[in-house]
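Reviewing the structure listed below.
Derivation of every value follows stated rules applied to the coordinates shown; laboratory data play no part. Every value quoted in this text rests on a predicted model; they were computed, and no experiment measured them. Here Cβ is always computed from backbone atoms with ideal geometry, including for glycine, and neighbour counts include all displayed protein chains.
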Amino acid sequence: MKYWLFKSEPSAYGIDDLARDGVTAWTGVRNYQARNFMRDQMRPGDPGFFYHSSCEEPGIVGIIEVARPAYADPTQFDRKSRYYDPGAAREEPRWLNVDVKFVRRTRVVGLDELRREKALRKMQVLQRGNRLSITPVTPAEWKCIMRLMK
DNA sequence: GCCAACGTTGGC
DNA sequence: GCCAACGTTGGC
């Protein structure tokens with residue numbers, strides 16, 4: 001089992017949306033590294049943090065769980081979607097998504113707060129220039145953040 | 001295969 | 001709105 005962090009802009013899809021939906025297809029990932037994480041390493045039951053980016057209060061806002069293994073992302077075939085990829089073929093999908101389910105909200109553990117933790121100094125999402133929307137979280141980092149939330 | 005140009009992300 | 005950082009694209 002692995003731990004993950006899922007980034008999303010709350011103006012597009014935030015923790016409130018997931019709390020309402022219960023389960024959602026994590027579509028729209030258009031980065032090969034993030035895709036490979038889903039395809040090669042994510043398994044149903046893997047826990048994840050839900051992180052709000054590009055908003056007033058960037059930070060971790062909830063806990064979620066992988067609910068379905070990676071499958072072809074339907075938005076790549078949808079001409080009307082902003083995620084449409086003319087280079088993707090049905091027989092050979094280029095992009096994948098998992099389903100994730102809502103577990104619970106947490107208090108907002110802000111970016112500044114995360115950065116203040118020595119144990120999180122190497123956490124991938126905190127590295128400068130990081131742009132991955134899905135990043136792995138080590139067990140030690142997970143434990144540290146769970147403790148912070150209490 | 002290199003690399004400049006471009007687009008996107010995301011914190012501030 | 002700015003800007004740093006990075007991935008992708010395309011000309012050569």
Those lysines that a straight Cα-Cα span of less than 20 Å connects to A:Lys7, excepting residues fewer than 8 apart in one chain: A:Lys101, A:Lys122, A:Lys143
Extreme residue, positive dipole direction of chain A, given options A:Val29, A:Ala70, A:Pro136 (C-beta unit charges): A:Pro136
Using alpha-carbon coordinates, inclination of helix A:139-149 to the longest axis of chain A, degrees: 60
For segment A:74-144, with +1 on Lys and Arg beta carbons and -1 on Asp and Glu, the positive-most of A:Trp95, A:Gln127, A:Leu111 along the dipole: A:Leu111
Nearest-20 debye value, segment A:3-149 charge dipole, Cβ charges on Lys, Arg, Asp, Glu: 380
Normalised alpha carbon radius of gyration of chain A [divisor 2.2 N^0.38 Å]: 1.03
